Structures are given as structure tokens and as C-alpha cells.
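Heads up, the thing below is written out as C-alpha cells.
What follows is calculated from the coordinates using simple rules that are stated; it is not laboratory data. What you see is a predicted model; the values in this text were computed from it and never measured. Note that we place each Cβ from the backbone using ideal geometry, even for glycine, and neighbour counts take in every protein chain shown.
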Amino acid sequence: MKHLLILCCSLVCGMTAMAQDTINKKSTLDEVKISTRRAEGVSRMSGAANGINMGQDELFRAACCNLGESFVTNPSVDVNYSDAAVGAKQIKLLGLSGQYVQMLTENQPTSVGATLPYSLGYVPGAWMKSISVSKGASSVKNGPQSITGQINVEYLKPEDEPSLQVNLYGDSRLKGEGNVMANVELNHHLSTILLAHYEHDFAHHDDDGDLWHDSPSTKQLHLQNRWKYAKGRYIMHAGVGYLQEEREGGQLMTVANPFRVLLDANRAEAYMKHAYLLNRDHNTNIALIANGFAYKLDGTFGPKLYGVDQRNLNSQLLLEHDFTPDHNLSTGLSFTAEQMDEKLTTLTHTPFYTTDYTPGAFAQYTYTPSYKLTAMGGLRVDHSTLYDRTYFTPRVHVKWIPSDHVTLRASTGKGYRTPHTLAENHYLLTSGRTLALNGLPMEEAWNSGLSATFYIPAGERDVQLNAEYYYTDFLHQAVVDYDSDPTKIIIADLNGRSFSHTMQVDASYDFSDELNLLVAFRYNHVRCTYGGELLEKPMQSRYKGLVTLGWKPMMGIWQVDLTLALNGGGRMPKPYMLADGTASWDKEFPAYPQLNLQLTREFRHFSLYIGGENLTGYRQPNPIIGAANPWSAQFEPTLVWGPVHGVMLYGGIRMKIEK
């Protein structure tokens with residue numbers, strides 16, 4: 001920590017000196033060009049769906065080492081650890097876990113099944129060009145899985161301005177990270193980009209002194225090569241990628257007979273997109289899209305061994321046609337193949353084999369009689385061979401602009417997803433409780449929402465005020481039940497009701513080109529049936545308040561970004577009595593604040609940044625229950641509701657050299 005503080009101080013002093021040198025030097029300027037990148041910040045989606053687009057300006061307001069750290073300034077998406085042993089992060093949207101959000105990479109599903117618990121860490125922040133977050137039942141084009149929303153990541157493109165980009169990062173926990181992004185135009189028709197990422201935690205940390213790693217030490221290598229070919233009416237995108245990651249956690253090696261948590265993951269992937277424009281006047285085009293991956297995970301969870309080998313293929317054939325400027329039709333066929341082999345070794349060796357082939361078809365119609373009204377209706381039909389079931393997915397979105405100062409949206413629709421009980425919840429194997437798995441049907445839910453955006457004049461600019469409400473109602477759900485039996489964690493189909501009410505209000509205002517403010521508040525009312533009793537969902541904050549402040553003085557040469565979040569308290573699973581007569585844990589967890597701050601200095605070809613996360617220093621007390629005796633039935637590291645780290649300082653450099 002001492003050395004990092006010295007480094008941070010040196011960076012600040014150096015940045016200040018360079019700034020003074022830049023100002024004090026006398027030179028003759030032939031041309032002065034003033035530009036702003038605010039357009040790459042946050043913008044509302046223009047279509048019928050409710051959501052936002054986050055550009056690189058918004059992503060660079062924080063360290064943004066990966067997708068899981070990209071929502072620090074976002075009031076709608078929460079990210080937290082699922083447990084204190086594996087260290088996997090999960091998002092929450094509309095008060096529900098991340099498996100109900102369809103994760104897409106350039107509109108292709110890539111994070112399903114066994115990859116889901118770690119998928120946020122598999123997308124390097126430096127590779128991302130933008131993120132789109134849509135709420136509620138989204139478009140039917142990408143499948144029926146979206147229940148609470150979609151998150152789509154766009155990577156840097158081969159056809160972008162040729163450049164070499166380098167991003168280096170280090171923090172006070174001795175984590176180092178390097179990214180290299182290089183794209184080149186080979187000729188007028190063909191371009192390519194190489195993306196490389198490496199990260200390594202060089203130290204183990206035990207800040208709370210419980211002889212456990214606060215989070216696993218991670219080593220990851222990720223490579224991708226992407227191509228674009230365009231000639232005449234034909235466009236092709238294609239690429240390949242490879243990822244290798246090792247996680248080492250559990251008890252420190254200084255403990256006799258330590259409880260170890262070890263994970264070794266390998267992933268290979270490839271994708272292609274072919275599009276041909278049939279008619280320019282009616283924007284008639286046909287496209288063939290396909291992507292596939294093979295993922296293998298080998299895990300050690302103390303005395304339990306778990307392995308999974310997953311192979312996925314997704315393909316689509318799409319046709320789009322504008323009958324008139326007011327009428328658009330998108331239709332297509334899809335096919336998904338998934339094979340998953342799982343092996344769990346405890347006292348016995350238990351294999352699980354599942355194969356699912358899902359053909360489908362969809363049609364989506366959009367009516368836009370004027371800029372004031374957009375109506376979009378979609379219907380898709382799919383058949384699952386795993387469940388031998390044919391199911392329909394209807395969705396409707398409407399956008400209405402009654403005046404220049406008001407935009408209204410409404411949506412409703414259904415969603416389905418296949419629960420991969422053990423693959424998506426294998427972190428529960430670290431618990432001392434018995435993990436009870438029951439056969440599960442397909443998850444099924446309705447989602448409906450209303451939103452309103454108001455542009456209120458205030459001085460020379462407008463206050464943008466957004467208010468929204470969403471309701472999610474499950475018909476079938478894979479319920480993780482901590483409450484019914486203190487000796488078990490039960491995963492079973494919903495037997496009763498499960499629903500979520502989410503209300504959010506946020507307001508943003510640009511005081512000037514240099515200073516902007518966002519204030520947001522969200523309330524979650526989430527209930528589920530556990531053991532025949534309708535209870536508040538455990539480890540879910542009831543509310544969240546967020547304030548972000550961005551300041552760019554001196555024509556954007558400097559940038560200061562501050563984010564303050566207040567996460568509300570919530571319910572813990574029902575505690576049980578220990579041998580000494582005390583409760584295993586409190587019935588409620590408290591509200592807690594988090595403060596993040598980042599300072600950035602822009603130069604011609606690079607920028608330097610330093611910052612701090614969780615500067616309030618709040619940390620969940622005793623995130624690992626029974627840490628001294630991990631081999632007992634009372635050992636529980638999966639009840640994580642707050643930060644597991646204290647203050648963390650970081651610094652880095654972003655360089656871009658254009659051709």
C-alpha cells in the first residue's frame with residue numbers, strides 16, 4: 001500500500017507538472033480544434049424499448065477493468081459477489097438476478113449455462129466500444145430468454161480508424177492488467193482487429209484476518225481476432241477467440257489441511273455474420289448469423305470436485321423489409337444446440353448429461369406513422385427437445401411523444417429460459433449445507449413496464465427526469481431456498497408466488513459543458529415463496545440511491561468523476577441456532593454507503609488516471625460464516641450482500657496511436 005500511495009502521488013505531481021508545462025510553453029498555433037466526446041457518454045434508446053446506451057466516455061469514468069465493473073455509474077444495474085469463496089460477480093436488474101437478463105455480444109447470445117457465473121469477468125473493459133441496457137421483455141429477434149432485460153456489448157471494430165491502443169492498470173491489491181487493441185485496414189474491402197488481454201493478481205489478501213482469501217487470486221489470458229469484409233451489397237463479419245482463466249481461493253496455505261477453492265476454465269469461440277442488401281429503396285436485406293463456443297471448467301470446492309464441459313451453437317437466418325417508411329417487418333428462423341456434460345464427486349461420482357435442440361421462428365412488426373409514435377409487436381415460437389415442448393413468446397412495445405418535453409413508453413411480454421441448476425449455481429458447493437437439486441421445468445415469467453421521460457427547462461438547459469415502474473411475475477422459477485431447512489440449500493421449482501415490483505426515478509442536468517450531475521433512487525419489492533411461505537427475497541437491497549458528478553475543467557484536459565451510492569438493507573435467510581445458543585447470523589443486513597473517485601488527465605495520444613473504490617471503507621463483517629471450521633455443516637460462505645474489500649486505490653494509462 002505504501003508503494004502504491006507513493007506511485008499515485010508521483011502520478012498526480014507528474015500530471016500537474018505536465019499540465020503547467022503545457023500551459024506555460026509559448027508556441028504559435030496554426031489551427032485550434034475544440035471537440036467534445038459527450039456524445040459517447042449516456043444516451044436514451046431511440047426506439048420503442050426503454051433503455052440507455054453507454055459509450056466509452058461513460059465507461060472511462062471508472063476503472064472499468066471488465067463488464068462487471070462497467071455499471072458503477074449506472075442507477076439501474078447492480079453488481080455484487082455471489083459468494084466470498086469463488087468470487088464470481090453477478091448483476092441484478094429490476095430486483096432480480098442476472099440469469100434473467102439476456103447477455104449479448106454484438107447481438108449474439110454468448111453467456112449461458114456454465115459460463116454465466118463468470119461471464120462479467122470475461123469481457124475486458126478496454127475492448128468495449130459501448131453497452132446497451134434495455135429493460136423489460138426485449139425484442140424477440142435474439143430469443144425468448146430476456147425476462148428482465150438485455151445487455152448488449154459492442155466491441156471495438158475492425159473498420160474503426162486504424163490505430164494501436166494500449167491500456168495498463170494496477171491497483172493497491174497488486175492486481176496488474178494489460179490490454180492491447182490493434183486494427184488495420186488491409187485494403188478497401190478488408191479490415192481486421194486483434195484484441196489481447198492479460199490480468200494477474202500477484203498477492204493474496206486477508207484484510208479481515210479470518211485466514212481466508214478475501215477473493216480468489218485470478219490469472220486470465222483472453223485473445224480475439226475479428227474481421228470485416230464489405231464489397232458492394234455484401235458484408236461479412238467473423239472472428240475467433242480463446243480464453244484461459246485460473247482462480248485460486250479458499251483458506252490460506254498457512255492453515256493445516258486448508259479448504260481450497262480452485263477453478264480452471266478454458267473457452268474457445270467463433271462467430272460469423274453474413275448480410276446481403278437485396279433492395280436499397282426498401283432496405284430489404286437477408287442475413288445469416290452463427291456463433292458457437294466450447295467451454296470447460298474444472299473446480300475444486302474443498303472435498304467436492306465439479307467439472308462441466310459445455311458446447312453451444314446459435315444460428316439465425318433473418319429477413320428485413322420496409323414496406324413503406326412507416327411499416328417494417330423483421331422475420332427469421334433460428335436454431336440452438338446445447339450439450340452439457342457435468343460431473344460431481346462428493347461421496348459418490350455423479351454424472352449429468354443434457355442435450356437440447358431448439359428450432360424457432362419469429363416475426364416482428366414495427367409501425368412508425370410519425371416521430372411521435374412507434375409501436376412494435378413481436379411473436380416467436382420455439383420447440384425444446386429437452387422438455388419436448390413448443391412455446392410461444394409474445395412481446396409488445398409502444399413509444400409515444402405527446403409533446404417535445406415528454407416521452408412515454410409501455411411494454412409487456414413473456415420470457416422463457418432453461419435453468420442449468422448446478423452449472424449456474426456451482427458456487428453453492430462451497431457451503432457446508434447439503435445441496436438438494438430437484439428436476440426443474442422451463443422458467444417462465446411475464447414482465448410489464450411503464451416509463452416516462454420529461455425534459456424540464458432550467459436556465460439554458462433541460463433537466464432530464466425519468467420515472468419508471470416494472471412488474472415481473474413468475475409462473476415457473478428455479479428457486480434457491482435457504483429458508484426451508486437449515487441443513488440444506490434446496491433448488492426446486494416455484495411452489496407458490498414469485499414477483500418483483502421495481503420503481504425508479506432519476507434526474508440529470510448539465511450545468512455546463514464541463515459539469516453534469518445525476519441523482520437517482522430505486523425501490524425494489526421482491527417476494528418469493530420459500531417452504532410454503534411468501535417472504536422477501538434474501539440478500540436483496542430494498543432500495544438504492546445514487547449520485548454521480550462529472551467535471552471536465554480546462555476544456556476537458558482534466559476530468560473528475562465522483563460516484564456516491566447508498567445501498568439499502570434487506571432480509572437475510574432465516575438464521576438457525578448454534579450450539580452455544582446464539583443465532584448463526586442477524587435477521588437483517590444494514591444499509592451501507594460506497595464512494596468512488598477518479599481523476600483523469602488527457603494528453604494528445606494518451607491519458608493517465610488514478611482513483612479509488614469504496615473510499616468509505618465499508619466491508620461486510622464476517623462474509624464467511626464458520627471460517628474457522630470449513631469442514632462442518634455450519635460453514636457458509638455464500639451469504640454475501642455487501643463489499644468484501646475495503647478501500648482500493650488504482651491507477652493506469654490509456655494510449656491510442658492513430659495511423
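Rounded to whole numbers, the Karplus 3J(HN,Hα) couplings from phi for region 633-639 are 6, 8, 6, 8, x, 9, 9 Hz, using 6.51 cos²θ - 1.76 cosθ + 1.60 with θ = phi - 60°, and x at Gly and Pro.
In this structure, the amide hydrogen of H476, modeled 1.01 Å from its nitrogen in the peptide plane, lies closer than 5 angstrom to those of E444, counting only residues at least 5 positions away or on a different chain.
Estimated at 0.36 nm per residue, the fully extended path between H321 and Y387 surpasses their Cα-Cα distance by 20.4 nm. Close amide H pairs (under 5 Å, H built 1.01 Å from N) link A85 with no residue at least 5 positions away or on another chain. Normalising the Debye intensity of region 39-658 to I(0), with uniform scatterers on Cα atoms only, and taking log10 at q = 0.12 Å⁻¹ returns -1.44.
Backbone geometry of region 571-576 corresponds, through the Karplus equation with coefficients 6.51, -1.76 and 1.60 at θ = phi - 60°, to 3J(HN,Hα) couplings of 8, 9, x, 4, x, 10 Hz, x marking Gly and Pro. Our coupling estimate for region 431-443, obtained by passing each phi through the Karplus curve with A = 6.51, B = -1.76, C = 1.60 and θ = phi - 60°, is 5, x, 6, 7, 8, 9, 10, 10, x, 10, x, 5, 6 Hz, Gly and Pro reported as x. Backbone amide hydrogens, once placed in the peptide plane, bring I91 within less than 5 Å of G98, excluding anything fewer than 5 places away on its chain.
Count the net charge of all other residues whose Cβ sits under 10 Å from the Cβ of Q316, scoring Lys and Arg as +1 and Asp and Glu as -1.
Details: positive: K141, K273; negative: none.
The answer is +2.
Secondary structure note: in the chain, about 95% of the DSSP beta bridges are antiparallel. Put in order of Cβ neighbour count within 10 Å, fewest first, the listed residues D298, D214, D388 become D388, D298, D214.
A simple spin-label model places the labels of Q339 and M577 5.4 nm from each other, with each point 7 Å out along Cα-to-Cβ.
With the simple spin-label model, which puts each label point 7 Å out from Cα in the Cβ direction, the L221 to D510 separation comes to 4.5 nm.
I need E248, E424 ordered by Cβ neighbour count within 10 Å, fewest first.
Numbers: E248 18, E424 22.
If I rank by nearby Cβ atoms, fewest first, I get E248, E424.
Paramagnetic label reach from L190 (point 7 Å along Cα→Cβ; backbone nitrogen cut-off under 18 Å): within region 149-174, residues 158-160, 162.
Over region 39-658, calculate the relative contact order: mean separation of alpha carbon pairs under 8 Å at least 6 apart, over the residue count, as a percent.
On the way: 1762 pairs, mean separation 70.9, N = 620.
Relative contact order comes out at 11 percent.
Between N279 and D462, the modelled label-to-label distance comes to 3.6 nm, taking each label 7 Å out from Cα in the direction of the beta carbon. Loop-located chymotrypsin sites (Phe, Trp or Tyr not before Pro) in region 327-371 (DSSP state not H, G, I, E or B) with no more than 12 neighbouring Cβ atoms inside 10 Å: Y371.
Reachable lysines from K544, Cα under 25 Å, same-chain residues fewer than 8 places away excluded? Here the lysines satisfying the reach criterion relative to K544 are K89, K92, K135, K574, K587.
For a straight C-alpha distance cut-off of 17 angstrom, the lysines reachable from K343 (same-chain residues fewer than eight places away being disregarded) are K296, K304.
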